[in-house]
Amino acid sequence: MPIRTPSLYSQDDPITEALKPPPSETEAQRQIRLQEEAEAKRISEQIDEDLRQEREILKRRRGEVKLLLLGQAESGKSTLQKQFQLMYRPHSLDQERVSWKTVIFFNVVRSIKHILTTLESWEDAMNETQPEAKFGVPGSSSAGMSSPRSASPYRALSPVSSKASTSALRIRLLPLVGMDAALADRLSGGVTVSGSGKGSVFVRTGWQSRTLENAFGRKRQQHIDNGKAPEVVQDPLTQDVNHMLEASSEDIKDLWEHPTVRGLITARRLKLDEWSEFFLRNISRISAIEYIPTTDDILHARIQTMGVAEHIFDVNIHGKTVSWHLYDVGGARGQRHTWVPYFDDANAIIFVAPVSAFDQYLEEDPRTNRIDDSLQLFTQICSNPLLKNVHLVLFLNKTDLLKAKLDNGLRVAKYITSFGNRKNDYETVVQYFRAHFLQVHRRNNENRRVLYTHFTSVVDTKATQRIIGNVRDSIFRGYLQSAALV
C-alpha cells in the first residue's frame with residue numbers, strides 16, 4: 001500500500017492558516033492588529049518581570065523573620081517593642097529620645113487633668129451629700145459626729161486645712177491643663193480614630209520625626225546629620241509646656257500628695273494608670289528645664305498606636321544574621337481589623353495579656369472586663385486558620401502591678417466571680433490566669449503547636465531582655481526548620 005506524504009503546507013495546517021494575513025485586511029486594520037499584538041507582548045513581558053521580582057523578594061525573605069506583637073490596647077506591646085529596639089538598635093532610641101519629651105509632658109498634663117476632673121466630680125457629690133461639711137477635717141468633732149451624714153463615704157476624704165485647697169490648686173494649674181489639646185494635636189497630627197476609647201490620642205508610625213519636623217522642617221534632621229546632641233533642637237510647644245511645668249512643679253507635688261487625692265486613690269474613686277503614678281512621683285526631675293527623658297522614662301511613656309508600625313532589626317545568632325520585621329499593632333477594638341493582612345506570612349506571634357487588669361474594663365466598652373477581652377482575643381488568634389502553624393509566645397504581662405494590687409488588698413473574686421474562694425495571693429492568681437489561657441490554646445490546637453508562656457513586666461529591662469533572648473532562640477529554631485536551612 002503506497003504511503004501518502006502530506007503536503008508540507010496543507011490547507012488543514014492551523015499554523016499555516018494562522019500565519020496567512022486576512023484576505024480582506026485593510027491597512028488601517030493591519031495597524032490596529034499590530035498595535036494589539038505589541039500591547040499583548042508588552043503585557044506578557046510585564047507579567048514575566050513581575051514574576052521575576054516576586055521570586056527575588058521571596059529569595060530575599062528567606063533571610064527574614066516576621067514577628068507580630070498582638071494584644072489589647074495598653075497591654076504593653078509598644079513597651080515590648082521599645083525593649084527590642086533597645087536591645088538591637090539602641091542608637092535609634094537615642095536619636096528619637098528628645099521627641100519622647102512631648103509624649104511624657106502629654107502624659108503628665110493628661111494625668112493632672114484626670115485628677116482635677118475627678119476632684120471636681122467628688123466635690124459636687126459631696127456638696128449634694130453634706131454641703132455644710134465640705135471642708136471638714138477628719139478626726140475633728142464635726143467630722144466624727146455619729147449622724148447619718150457623717151457616715152458618708154465622702155466625709156473621710158475632706159480636704160485638710162494645712163494643705164492648699166484643691167480649688168486653689170485647680171485654678172493655678174488651669175493654664176497647664178489647657179495645653180492638653182495642643183499636645184494631643186501635635187502628637188496625633190489631628191487624626192481621630194473611630195471605635196476607640198473616649199478621649200484617646202493615637203499616633204501613626206514615624207510620629208517621632210513628625211512631632212518635631214512640624215515645628216522645625218528640616219532643621220532637626222540637619223542637627224542629627226551633623227552629630228549634634230538631640231536636645232539642641234526642641235519643639236517650641238514642648239518648651240512652653242516645660243516652662244509651665246517648672247513653674248507649677250510645687251503645685252503638682254501638692255496636688256499629688258494632697259490628703260484628698262490620696263484618700264480618693266485609696267478608696268479607688270480615683271484610678272490612675274501606672275505611667276501616671278510613675279511620672280507624678282518624679283515630677284521634680286521631669287519638670288526641670290534641662291530634662292531629657294531617660295530610657296526608663298521612655299519605657300513608661302504611654303502613646304497609642306494607630307494601625308500597624310513596622311520595625312526592622314538585624315538579629316545575629318550563632319553567626320547568622322537574620323532580618324526581623326517586628327509589627328506593633330493598634331490594640332483598640334476599632335483597630336483590630338488591620339491585623340489580618342499580616343497573618344498570611346507571619347513566622348511568630350507574641351501575644352501580650354496584662355494580668356494586672358482584672359479590675360479594669362475596656363475604655364471603648366465599659367461592660368467588658370479586660371481579662372475577659374484578652375481571653376476572647378487570644379481565642380481568635382489561636383483558632384485563626386492562617387496562624388495554625390505560627391510560633392506562638394504568650395506574655396502574661398504587668399506582674400509587678402498585679403503584685404502591688406494584691407498586696408494592697410484588692411480581691412480578684414470581686415471582679416472575676418469564677419475565681420471563687422481561692423487564695424488571693426500572687427502565685428495562685430497568676431497560675432489561675434495562666435490555666436485559662438492554656439485552656440484556650442488546648443481547645444484550638446489541632447496541629448499540637450507548643451505554647452511558650454512567660455510571666456513578664458516589660459518595663460523591667462534586664463528581665464525582659466533575658467526573656468527576649470529566650471524567645472529569639474526558640475523563634476530562630478522554628479525559622480530554620482521552616483526555611484529548611486538545617
- line: Within region 260-281, residues open to solvent by 50 Å² or more (accessible area, probe 1.4 Å) and not hydrophobic (A, V, I, L, M, F, W, C) come out as R262, T266, R268, R269, K271, E274, E277, R281
task: Can you confirm whether region 50-72 contains a residue that is modelled with pLDDT of 80 or more, part of a loop (DSSP other than H, G, I, E, B) and open to solvent by less than 70 Å² (accessible area, probe 1.4 Å)?
output: yes
task: Among the residues of region 89-125, write down those that are hydroxyl-bearing (S, T, Y), surrounded by fewer than 22 Cβ atoms within 10 Å (Cβ to Cβ) and under 19 Å from the mean Cα position of the chain (by Cα).
output: S92
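In the list I224, I298, I303, I317, which residue meets the criterion of being among the β-branched types (V, I, T), at pLDDT 90 or above, within 28 Å of the chain's Cα centre (by Cα) and surrounded by 13 or more Cβ atoms within 10 Å (Cβ to Cβ)?
Numbers: I224 fails: at pLDDT 90 or above; I303 fails: at pLDDT 90 or above; I317 fails: at pLDDT 90 or above.
Just a single option satisfies the conditions, and that option is I298.
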- prompt: In the set S249, S287, S276, S209, which member is at pLDDT below 95, within 22 Å of T166 (Cα to Cα) and either polar (S, T, N, Q) or touching a strand residue (DSSP E or B) at 6+ places or on another chain (Cβ under 8 Å) (or both)?
  reply: S276
query: Only one of R449, R422, R411 is at pLDDT 95 or above, among the basic types (K, R) and farther than 16 Å from I371 by Cα; which?
result: R422
statement: Residue set Y361, Y327; condition under 23 Å from Y452 (Cβ atoms) and either touching a Cys at 6+ places or on another chain (Cβ under 8 Å) or not hydrophobic (A, V, I, L, M, F, W, C) (or both); output residue Y327
- prompt: For region 254-373, list the helices (runs of 4 or more DSSP H) that sit wholly inside it and hold at least 2 residues that are closer than 29 Å to F437 by Cβ, of a type outside the set (S, T, N, Q) and in contact (Cβ under 8 Å) with a residue 40 or more places away in the chain; which are they?
  reply: 274-281, 295-300
query: Does A413 qualify as being surrounded by fewer than 16 Cβ atoms within 10 Å (Cβ to Cβ), under 27 Å from Q465 (Cα atoms) and free of Cβ contacts under 8 Å to residues at least 40 places away in the same chain?
result: no
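The values are calculated or read from the model by the stated rules, or taken from the named source; none is laboratory data. Predicted model, so just to flag it, every value in this text is computed and none were measured. Ideal geometry is used to build each Cβ from the backbone, glycine not excepted, and the neighbour counts take in all protein chains shown. These area figures cover heavy atoms from the full protein model, side chains too; ligands, DNA and RNA do not enter into them. Shrake-Rupley method; radii C 1.70, N 1.55, O 1.52, S 1.80 Å.
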